[in-house]
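To start, the structure itself, in structure tokens.
The values are calculated or read from the model by the stated rules, or taken from the named source; none is laboratory data. Quantities reported herein were computed from a predicted structural model and do not represent experimental measurements. For neighbour counting, all protein chains shown are included, and Cβ atoms are generated from backbone atoms with ideal geometry for every residue, glycine included. Quick note on the areas: whole protein, heavy atoms, side chains included, nothing else; ligands and nucleic acids left out. Shrake-Rupley method; radii C 1.70, N 1.55, O 1.52, S 1.80 Å.
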Amino acid sequence: MDFELTEEQRRLRKEIVAFAREELGRDADARDREGSFPWADWRRCADFGVLGWPVPEEYGGSGLDPLTTIVALEALGYGCRDNGLVFAVNNHLWACVIHLLLHGTPEQKRRFLPQLASGALIGAHALSEPEAGSDILSMTTTARREGDGYRLHGGKCFVSNGPVADVFVTLARTGDGGARAQDQLSAFLVTSDMPGVVKTREQSKMGLRSTPMGGVEFDGTPVPASHLLGREGGGYQVFTSAIEWERSFMFAAHVGAMERLLETSVRHANSRRQFGRSIGAYQAVSHRIADMRIRLELSRMLLYRVGWLKREGRLALPEATMAKIVISEGLVQTAMEAAEVHGARGYLADDGIERELRDALGGPVYAGTNAVQRGILAELTGVRGALSGGGM
Ligand SMILES: Cc1cc2nc3c(=O)[nH]c(=O)nc-3n(C[C@H](O)[C@H](O)[C@H](O)COP(=O)(O)OP(=O)(O)OC[C@H]3O[C@@H](n4cnc5c(N)ncnc54)[C@H](O)[C@@H]3O)c2cc1C
């Protein structure tokens, strides 16, 4: 067991942190207030190569191995103050690009990956529906066979990057009532310029406000068979194979954010004086900081284990599920405690801590709620019926 980063990983981490600190998130507060997408920062990320980190070189990426990709994303999350920008990057990579990497045909990869890796195209995952959130198998969007393709009807909601996206990975019902629920769904690559694709209203949210979110309607959208991802009826397998990447890699940046909040809190604990001494001298403050450190280290270990398993080409569903729960809840707790350590400054908008807390609160919900993740984990641990039906 080797817990050391390689020299190459350490060098990469340093470069990414410097890039993210100097070039990204300068207008994070304004973006948060306005709820606007940071186009210039998106371009900077693209130029730096962020959007192609896990993409093989032959498709225009840098082909980082999974563990190194995690180290890179953690560094991005640590250095960049704009968690919404980082979330947009993560959605692009782990809700869209990963599907192509795992299931794309050579032709689909050639067509989409170079442009996704260069940032010319923005990716999104259109999965949730108004009546099908955790219970994705109950989705009602349909894809009917028509000629040499399919025709999509239905509506998706809560799509991160949706309002600015060019490529949607989506799931629709292709099977009839006879097939098992898991065999009734198929995955498709839908581009925003296809007829009948309508981006519906942008949805305003509590945090991660620089990641735009919206709905997308498929109003009789004709989708060629060449845009089917995986096989017909294999949509649920496409979804489950990609989700272990989403549930862990998307949360690498959270670990970086935890470290940033820890450092900010340590600085404040040492510099803020009350009753004639620094507030860090009070156990009520110092123990919070100790707990932040514990959460950070635990999160990192779980995450790196997933990265290692994926690098070895192994399945990591229980590990990714645990990482998702521990890291997303750990960041909420750390942001809460950072706010408390900062007193009024933690509550006011000026120092950005309250924004960090609002940004953190989405983590236990997206990529499958933590309640559902606990059901999945209990099932994987041997409890029969802990999550009936196969939820998100
Ligand atoms: C910031 C953010 C970004 C998102 N981005 C995307 C995106 O890009 N694409 C996309 O398709 N979706 C996205 N979502 C939607 C997300 O996937 C769903 O919110 C999530 O799957 C839960 O669905 P729901 O909101 O409809 O809640 P529901 O499924 O209605 O759940 C409501 C409550 O009931 C609980 N519950 C439901 N079923 C069970 C069960 N079996 N056991 C225990 N508890 C249960 C849940 O835990 C939750 O507390 C995003 C959500 C957020 C907050």
Here the longest stretch of the chain that holds no trypsin sites (Lys or Arg not before Pro) in a DSSP loop having at most 15 other beta carbon atoms within 10 Å is 27-179
With springs only between Cα atoms under 10 Å apart, run a GNM on the chain and tell me which of Pro364, Pro195, Pro163 wobbles the most. Pro195
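I'd like the chymotrypsin sites (Phe, Trp or Tyr not before Pro) in region 253-340 restricted to DSSP loop residues with at most 15 other Cβ atoms within 10 Å, sorted by number.
Hits after loop and neighbour filter: Phe275, Tyr282.
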Farthest towards the positive end of the dipole of the chain, among Ser299, Ser128, His227 and with Cβ unit charges of +1 on Lys and Arg and -1 on Asp and Glu, lies the Cα of Ser299
Using a Gaussian network model of the chain whose springs link C-alpha atoms within less than 10 Å, name the residue from Ala30, Ala46, Ala316 with the highest mean-square fluctuation. Ala30
Quick calc, Arg180 & Arg311: beta-carbon distance into FRET formula, R0 35 Å, rounding 0.05, result 0.60
Can you tell me how much longer the chain between Gln333 and Asn270 gets when fully stretched, taken as 0.36 nm per residue apart minus their C-alpha distance, in nm with one decimal? 20.6 nm
Would you be so kind as to identify all helices of the chain, as entire DSSP H runs, whose Cα atoms reach 30 Å or more along the helix's own axis and whose mean Kyte-Doolittle hydropathy is at least 0.0? 317-341
Projected area averaged over orientations for the chain, convex hull of C-alpha atoms, nm²: 19.8
Where the only charges are on Cβ atoms (+1 Lys, Arg; -1 Asp, Glu), what is the dipole of the chain about its Cα centre, to the nearest 20 debye? 600
Lys and Arg at +1, Asp and Glu at -1: add these up for the other residues within a Cβ distance under 15 Å of Lys199 and post the number. -3
Extreme residue, positive dipole direction of the chain, given options His287, Ala323, His99 (C-beta unit charges): His287
Residue-span extension gain [Arg11 to Val365] - 0.36 nm each, minus C-alpha spacing: 124.1 nm
Could you provide, to the nearest whole Å², the per residue accessible area of the chain with probe 1.4 Å? 43
With +1 assigned to the C-beta of every Lys and Arg and -1 to the C-beta of every Asp and Glu, and no other charges, what is the dipole magnitude of region 95-184 about the Cα centre in debye, to the nearest 20? 220
Along the Cα→Cβ direction, 7 angstrom out, place labels at Asp47 and Glu107. What is the inter-label distance in nm? 3.6
In the chain, taking the dipole from +1 charges on Lys and Arg beta carbons and -1 charges on Asp and Glu beta carbons about the Cα centre, the listed residue (Met392, Val365, Gly162) farthest towards the positive end is Val365
Under 27 Å between alpha carbons - lysine pairs in the chain that sit 8 or more apart or on different chains: 10
Over the alpha-carbon set of region 1-62, divide Rg by the Kirkwood Rh and report the Rg/Rh ratio to two decimals. 1.09
Could you check the simple spin-label distance between Ala18 and Met194, using points 7 Å along Cα→Cβ, in nm with one decimal? 4.4
Apply the a/c threshold of 1.5 to the C-alpha gyration tensor of region 1-140 and tell me whether it is rounded, prolate or oblate. oblate
Just to be sure I understand the curve: with the Debye formula and one point per C-alpha of region 185-229, what is log10 I(q)/I(0) at q = 0.21, 0.31 Å⁻¹? -0.78, -1.10
Of the accessible area of region 268-348, with the probe set at 1.4 angstrom, what percent is carbon plus sulfur? 57
